[in-house]
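As structure tokens, the structure follows; a few thoughts come after it.
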Amino acid sequence: MEKRLALLSTGVGVVEPIAALVRTGDPQIEIINIVDDSIVRTIGRNHNTVPAAIVRRIAVYCRHAEEAGAAAVLVTCSSISETIDAARPMVSIPVFKIDEPMAEHAVATARTTIGVVATLETTLQPTTRLIQTKILASGKGITLRPILAEGAFNALQEGRPDVHDEVVLAAIRSLLATCDVVVLAQASMARAAAGLPPDAAARVLTSPSLGVARALAHFADRA
């Protein structure tokens, strides 16, 4: 039985880090990469709302992945996480959201407050909505505190990753003072958490490892 996983991404920067996690978890899995780096810009121009054309495009990419022999799709971008609900009925293979396990873990471990950090408004809003959905399903009385780490994304795009990490770390630290856990909304932000001491880092949740683990569990179940 072929073990083939499609990674659907909106930027090339996350492709290799996530592919490395997949290879570490199961070296036998073949990776198919589908990257469309125009999506986030399009959402931004549409007032941070995903247009219908993007929803259709994601569904088409998932069908292409299935036609290419993928046994599952892992969508690596939280900005398009909400489109997956529309794409799933269009294919016969599972389509995983990289941020869904993180949202579930945040709600399961938090007592009263969850902080959310993003460097893009296009990601902050859907991540907040996803976590809110999980909160409602849990019945817990958890409050969300979202923060936009302004300037971090532009710094990363301009080749200043150190500035990106400093801005993100400042946002994380401000939320750790009042929140049980802090969620990093974008896979590209995980690197910034490396600057935290172990006790603080344990309260910061990132999506790549949890999202990849769920996708790999699908292949383990099929073995």
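The values are calculated or read from the model by the stated rules, or taken from the named source; none is laboratory data. It should be emphasised that the depicted structure is a prediction, and the values quoted were computed from it without experimental measurement. Don't worry about glycine lacking a Cβ; one is built from the backbone with ideal geometry, like all the others, and counts go over all protein chains shown.
In this structure, is S9 in contact (Cβ under 8 Å) with a residue 60 or more places away in the chain, over 25 Å from D221 (Cα atoms) and polar (S, T, N, Q)? Write out each step before concluding.
Numbers: in contact (Cβ under 8 Å) with a residue 60 or more places away in the chain: yes; over 25 Å from D221 (Cα atoms): no; polar (S, T, N, Q): yes.
Here the answer is no, as S9 does not meet what is asked.
In this structure, L175 does not qualify as in a helix (DSSP H, G or I), closer than 18 Å to R111 by Cα and free of Cβ contacts under 8 Å to residues at least 24 places away in the same chain.
Looking for something touching a strand residue (DSSP E or B) at 6+ places or on another chain (Cβ under 6 Å), at pLDDT 95 or above and under 19 Å from Q186 (Cα atoms) - is there at least one such residue anywhere in region 65-73?
First, the residues of region 65-73 that are touching a strand residue (DSSP E or B) at 6+ places or on another chain (Cβ under 6 Å): 65, 68-73.
Filter once more, keeping what is at pLDDT 95 or above: 65, 68-73.
The next check asks that each one be under 19 Å from Q186 (Cα atoms); those that pass are 73.
The answer is yes; a qualifying residue exists.
Would you point out the residue of region 122-145, among those that are of a type in the set (D, E, K, R) and surrounded by fewer than 17 Cβ atoms within 10 Å (Cβ to Cβ), that is nearest to I43 (Cα to Cα)? Steps first, please.
So in region 122-145, the residues of a type in the set (D, E, K, R) come out as 129, 134, 140, 145.
In the following step, the residues that additionally are surrounded by fewer than 17 Cβ atoms within 10 Å (Cβ to Cβ) were identified as 129, 140, 145.
Numbers: R129: 16, K140: 31, R145: 23 Å.
The extreme case among them is R129.
Return the total of residues in region 19-46 being over 16 Å from the mean Cα position of the chain (by Cα) and in a loop (DSSP other than H, G, I, E, B). Of the residues in region 19-46, 6 are over 16 Å from the mean Cα position of the chain (by Cα) and in a loop (DSSP other than H, G, I, E, B). Residues satisfying the criterion are absent from region 59-78 (criterion: surrounded by fewer than 16 Cβ atoms within 10 Å (Cβ to Cβ), closer than 16 Å to T123 by Cα and outside the structural domain of L130 (by TED's automatic domain parsing)). The number of residues in region 195-223 that are of a type in the set (A, V, I, L, M, F, W, C) and under 12 Å from P17 (Cβ atoms) comes to 1.
So, in region 178-205, exactly how many residues are outside any loop (DSSP other than H, G, I, E, B) and hydroxyl-bearing (S, T, Y)? It would help to see each step written out before you state the result.
Residues of region 178-205 outside any loop (DSSP other than H, G, I, E, B): 181-184, 187-195, 198-201, 204-205.
When the remaining residues are screened for being hydroxyl-bearing (S, T, Y), the result is 188.
Number satisfying all stated conditions: 1.
The one condition from (1) buried (at least 19 other Cβ atoms within 10 Å of the Cβ); (2) modelled with pLDDT of 90 or more that M189 does not meet is (2).
Evaluate the following for T112: is it among the β-branched types (V, I, T) and at pLDDT 95 or above?
Working: among the β-branched types (V, I, T): yes; at pLDDT 95 or above: yes.
Considered against the rule, which asks whether it is among the β-branched types (V, I, T) and at pLDDT 95 or above, T112 comes out as yes.
On inspection, R45 fails the criterion of being of a type in the set (D, E, K, R) and crowded, with 16+ Cβ neighbours inside 10 Å.
Kindly establish whether T49 is of a type in the set (S, T, Y), assigned to a helix (DSSP H, G or I) and either assigned by TED's automatic domain parsing to the domain that holds P161 or over 23 Å from I93 (Cα atoms) (or both). When the stated conditions are applied, T49 does not pass them. One residue alone among A137, A152 is modelled with pLDDT of 95 or more and among the hydrophobic types (A, V, I, L, M, F, W, C), and that residue is A137.
Can you tell me which residue in region 168-223 is nearest to G141 (Cα to Cα), limited to those that are hydroxyl-bearing (S, T, Y) and more than 16 Å from the chain's Cα centre (by Cα)?
Taking region 168-223 first, the residues hydroxyl-bearing (S, T, Y) are 174, 178, 188, 206-207, 209.
After this cut, where a residue has to be more than 16 Å from the chain's Cα centre (by Cα) as well, the list is 174, 178.
Working: S174: 22, T178: 16 Å.
It comes out as T178.
Regarding region 149-165, can at least one residue be identified that is buried (at least 16 other Cβ atoms within 10 Å of the Cβ), among the β-branched types (V, I, T) and in contact with a helix residue (DSSP H, G or I) (Cβ under 6 Å, 6 or more places away or on another chain)? No, that holds for no residue.
Residues in region 79-105 that are at pLDDT 95 or above, surrounded by fewer than 24 Cβ atoms within 10 Å (Cβ to Cβ) and farther than 23 Å from R222 by Cα: 2 in all.
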